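Participant: Encoded as structure tokens, here's the structure I'll be asking about.
Here, each number is a calculation from the coordinates, and none is a lab measurement. Just so we're clear, the structure is a prediction, and the values are computed from it rather than from any experiment. As a convention, Cβ positions derive from the backbone with ideal geometry for all residues, glycine included, and neighbour counts pool all protein chains shown.
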Amino acid sequence: MGRERERQILSRRATLKCGVASAILWPTCMKARAVSREELSFVIVTDTHLGYHDNNSAAKLWQKTAAEINQSPGSLVLHLGDIVDGGREEQYPIYLESRRLIERPVHEIPGNHDPEDLFRRHIREKTSLVVELGWLRFLLLNNARRDSHDGFLSDEQLTWLESECEAAKRDDRLVSICMHVPAHLNRHPDRGWYVKPGSGHDEFNELLQRYQDRVVAVMHGHFHNGIRGWNDRHDVHEICFPSALYNLNRGLEEKSAPGFNPLEFRAGYTLVTIRDGAMTLLYKPTGSELSVEKQCLFGKAT
Ligand SMILES: [Zn+2]
């Protein structure tokens, strides 16, 4: 589907929803200045795992996905980690070659499959980075380690997040925090991989509480569960995005796990649009039509 066609679909969907939008609550700081928060859209892709099972199928799928992302709307692209599988260094140049198909800025964070030294060598020297998009600042940081599925936030990283949230407050910007491993306490039947107490959990939770009106969303990869999310902590949306290689249906909604997990488990990428007081996640399985649409409201649990 061409970019123009996707735009038409998006704008039609927005029109259908405008009656709803007027009733949506924004985070306090957004509500006060909603008129100046213009529409933003961007693409999230994650967990490409090039070299998976020691064959080139992940690389081929990434090439196809990158070509489709190039035809999609969205001002920039974020890759939320696990670029390659199992630290396979020879896969980074292959990843970068297909990435060149995307004629827009692409910003990556490392995942637990991306050794930090290889990420620095092939992708970007800095592993903590601020990316600006209009009134929104993405705070990108590496909370993954090669030897664990859990996440880790150092005192230095927590201080950096705090100072960036303060800077955003001064500059009348909102933020989205991007790190591969979720910080949300996702108990059984969920994965249970998160930033645990002793690894920055409590400090991050306090930070979210302090800046709940500053943080539009906390965004992750890592789960391979389709669109998996919650907003049961301080009304902040915490979302794990679908893998561009494979996703598994773990029956979370059937098992009444907290949060949401729409039934779409094909590989692909997500177009995120923030407009009229709501954030819409529109899922695009690679090689297929636009699929699940999840609307995230601000200011109340969904
Ligand atoms: Zn991972």
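Participant: So for each of 281-294, 254-267 I average, over its residues, the number of other beta carbons within 10 Å; can you give me the resulting order with the highest mean first?
Facilitator: Most protected by this proxy first, the peptides run 281-294, 254-267.
Participant: Over the Cα atoms of segment 215-302, compute the convex hull volume and normalise it per residue, giving Å³.
Facilitator: Working: hull volume 7.6 nm³, N = 88.
Each residue corresponds to 86 Å³ of Cα convex hull volume.
Participant: Could you list Glu238, Glu166 so that the one with the fewest beta carbons within 10 Å of its beta carbon is first and the one with the most is last? Kindly include the intermediate steps, with their values, before the conclusion.
Facilitator: On the way: Glu238 24, Glu166 13.
Placing the least packed residue first, the sequence is Glu166, Glu238.
Participant: Using the 10 angstrom Cβ neighbour count as an exposure proxy, how do Tyr95, Tyr269, Tyr246 rank, fewest first?
Facilitator: Working: Tyr95 22, Tyr269 26, Tyr246 15.
Result, fewest neighbours first: Tyr246, Tyr95, Tyr269.
Participant: Between Ser57 and Glu38, what length comes free when the chain is fully extended (0.36 nm per residue of separation minus the Cα-Cα distance, one decimal in nm)?
Facilitator: Values: separation 19, 0.36 × 19 = 6.84 nm, distance 3.92 nm.
Taking 0.36 nm per residue and subtracting the Cα distance, the gain is 2.9 nm.
Participant: Fewest Cβ neighbours within 10 Å first, please rank Ile94, Ile83 accordingly.
Facilitator: Details: Ile94 19, Ile83 30.
With the fewest neighbours first, Ile94, Ile83 line up as Ile94, Ile83.
Participant: When the Kirkwood hydrodynamic radius is evaluated over all pairs of different C-alpha atoms of the chain, what value in angstrom, to one decimal, is obtained? If you can, show how the numbers build up before the last one.
Facilitator: Working: mean 1/r = 0.0521 Å⁻¹.
Computed over Cα pairs of the chain, the Kirkwood hydrodynamic radius comes out at 19.2 Å.
Participant: Could I ask something else about it? In angstroms, what radius of gyration and Dmax does segment 118-211 have, counting Cα atoms only?
Facilitator: Both quantities, over Cα of segment 118-211: 13.9, 41 Å.
Participant: Let me ask another. Contact order normalised by length for segment 3-297, with contacts defined as Cα pairs under 8 Å and 6 or more residues apart; what percent is it?
Facilitator: 19 percent
Participant: Now a separate question. Please give the contour-minus-distance gain from Asp202 to Arg104: 0.36 nm per residue of separation, less the Cα-Cα distance, rounded to one decimal in nm.
Facilitator: 31.6 nm
Participant: What distance in nm separates the two pseudo spin-label positions at Lys64 and Gln212, each 7 Å out from Cα along the beta-carbon direction?
Facilitator: 4.3 nm
Participant: Let me ask something else about it. As an exercise, use a Förster radius of 35 Å and the Cβ-Cβ distance of Ser148 and Asp172 to find the FRET efficiency, rounded to the nearest 0.05.
Facilitator: The calculated FRET efficiency here is 0.40.
Participant: Further question on the same structure: Using only Cα positions of segment 59-174, each an equal point scatterer, no hydration layer, compute I(q)/I(0) via Debye at q = 0.22 Å⁻¹ and quote the log10 values to two decimals.
Facilitator: The Cα Debye sum returns log10 ratios of -1.27.
Participant: Can I ask one more? Would you grab the residues whose amide H sits under 5 Å from the one on Leu245? Only those 5+ places off in sequence or on another chain, please, with H modelled 1.01 Å from N.
Facilitator: Placed amide hydrogens put Gly268 under 5 Å from Leu245.
Participant: Treat each spin label as a single point 7 Å out from the Cα along the C-beta direction, and report the Gln71 to Asp232 distance in nm.
Facilitator: For the pair Gln71/Asp232, the computed spacing is 4.0 nm.
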